[in-house]
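Take a look at the structure below.
Laboratory data are not the source of any read-out in this text; all were calculated from the coordinates shown. It should be emphasised that the depicted structure is a prediction, and the values quoted were computed from it without experimental measurement. Every residue, glycine as well, gets a Cβ built from its backbone with ideal geometry; the counts of neighbours run over all protein chains shown.
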Ligand code: ATP
């Protein structure tokens, strides 16, 4: 099997009721890449997947797979296969027959189909389950059968729409590693849709962060986490402290922002200028205790011990600031909770004020 690249060239998608689910979008997924589209429910992830698989045509722009324009090419003629959240295996068929289902149309003999199914079941570590029926397998095993079935038709691009969301947490975490290994072994291009940042960060070569029909940032997990490009990306991926304000000065790569808690200096990747409304974001693990650069006075409200780490929650004039430190026995905060905290300029970022991720289900990894 070999992967193909997938390009969205100025693709926009408007549903018949007039709702524009995807605003004009350019995106290239490389051949053989594990690529995730990450965003909250309703942001347009599935709509993009439908356009790649051919179930809907874009209202504008082009979808190219392996360099070929897919206009007018239906789902069955595309080199893609799709896996949904609620997979449907045939309950009365054996596992290998489920996997081989798509091969019947290709005129392969029963023996050849079985051989191919067994090879794929080996790949997903179910080689010894070929003669069982779906009800005899666990949820995670069934999901692996669905993956084997999708791979049986030798797609160049596998489209996965939240395939793990029906599984329990432990199984989900286990399946992340499995999926990653299967993708590596086959070299097929995976486009993986999820609202779960943990999934996207652990599995993907690159991630597109999507919100309200727009891709806001594309990068490796590390890039998106360490160098968010928008307020939405900063607040959706990982935890972030936020302090609102206005840019007052720019020097080189850094800018200064005036806020209710004082004036702070941080990175300015988007080239904001003096006077711009802005938001400063800093990760809890980048925060420091004591008198530091970008210092401010705060009061400890709560401390959560997480074994090796301490998660401290401070209040600074009504703004909650989380500080994650290693639990080295050196953390001394007076009984009244008053403390100085701060952060290095290089570890904080100033971004244009903009829509934020809603807190809630999507924020939970
Ligand atoms: P989820 O994670 O909940 O599946 P999503 O990011 O995949 O969300 P889409 O299913 O792509 O989101 O939907 C994007 C937007 O388009 C939503 O606001 C949805 O209500 C709307 N939408 C989806 N299908 C249609 C349709 N057939 N007609 C009109 N609007 C639609």
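From zero outward in steps of 20 Å, how is the percent of C-alpha pairs of the chain spread across the bins?
For the chain, the pair-distance distribution reads 26, 47, 23, 3.
List residues of region 333-351, by number, whose backbone nitrogen lies under 19 Å from a label position 7 Å along Cα→C-beta of residue 258.
350-351
Run the quick spin-label model on residue 177 and residue 69: label points 7 Å from Cα toward the beta carbon, then report their separation in nm to one decimal.
Placing both labels 7 Å along Cα→Cβ, they lie 4.7 nm apart.
Determine the relative contact order of the chain: mean sequence separation of Cα pairs under 8 Å and six or more apart, normalised by residue count, in whole percent. Could the numbers behind the result be given before it?
Numbers: 816 pairs, mean separation 60.3, N = 365.
Reported relative contact order: 17 percent.
For region 239-335, report the convex hull volume of the alpha-carbon atoms normalised per residue, in Å³, without decimals.
Details: hull volume 10.5 nm³, N = 97.
With only Cα atoms used, region 239-335 gives 108 Å³ per residue.
What do you get for Rg/Rh of region 139-199 when both radii come from the Cα atoms and Rh is the Kirkwood radius?
Numbers: Rg = 11.0 Å, Rh = 11.9 Å.
Rounded to two decimals, Rg/Rh equals 0.93.
Which distance in nm do the two modelled labels at residue 88 and residue 291 give, with both placed 7 Å along the Cα-to-Cβ direction?
About 6.9 nm, to one decimal.
Remind me, what semi-axes does region 16-110 give for its equivalent ellipsoid, largest first in whole Å, using sqrt of 5 times each Cα gyration tensor eigenvalue?
Working: eigenvalues 167, 60, 39 Å².
Sorted largest first and rounded, they come to 29, 17, 14 Å.
Using only alpha carbon pairs under 8 Å that are at least six residues apart, calculate the relative contact order of region 88-174 and give it in whole percent.
Numbers: 91 pairs, mean separation 30.9, N = 87.
It comes to 35 percent, rounded to a whole number.
Name the residue, out of 295, 66, 107, whose mean-square fluctuation peaks in a Gaussian network model built on the chain with Cα pairs under 10 Å.
Sorting by GNM fluctuation, first place goes to 107.
Starting from a Cα-only point model with no solvent, please compute log10 I(q)/I(0) by Debye for region 86-229 at q = 0.15, 0.17, 0.22 1/Å.
For the requested q values the scattering log ratios are -0.78, -0.94, -1.39.
Rounded to the nearest 500 deg cm²/dmol, what is the calculated helix-only ellipticity per residue at 222 nm for the chain, with -39500 (n - 2.57) per DSSP H run of length n ≥ 4? Kindly include the intermediate steps, with their values, before the conclusion.
Details: 8 runs with 80 residues, N = 365.
When only DSSP H runs of four or more count, the value is -6500 deg cm²/dmol.
On C-alpha positions alone, give me the angle between the axis of helix 110-123 and the longest principal axis of the chain, in degrees, nearest 10.
Approximately 20 degrees, to the nearest 10.
If you build the Cα gyration tensor of region 155-268 and take the root of 5 times each eigenvalue, what three semi-axes come out, in whole angstrom, biggest first? If you can, show how the numbers build up before the last one.
Numbers: eigenvalues 251, 44, 28 Å².
In descending order the semi-axes read 35, 15, 12 Å.
What whole-number distance in Å separates the alpha-carbon centres of region 106-127 and region 315-349?
Answer, in whole Å: 57.
Would you mind computing, in nm to one decimal, how far apart the modelled labels at residue 277 and residue 324 are, each placed 7 Å from Cα along Cα→Cβ?
So the two model labels end up 3.0 nm from each other.
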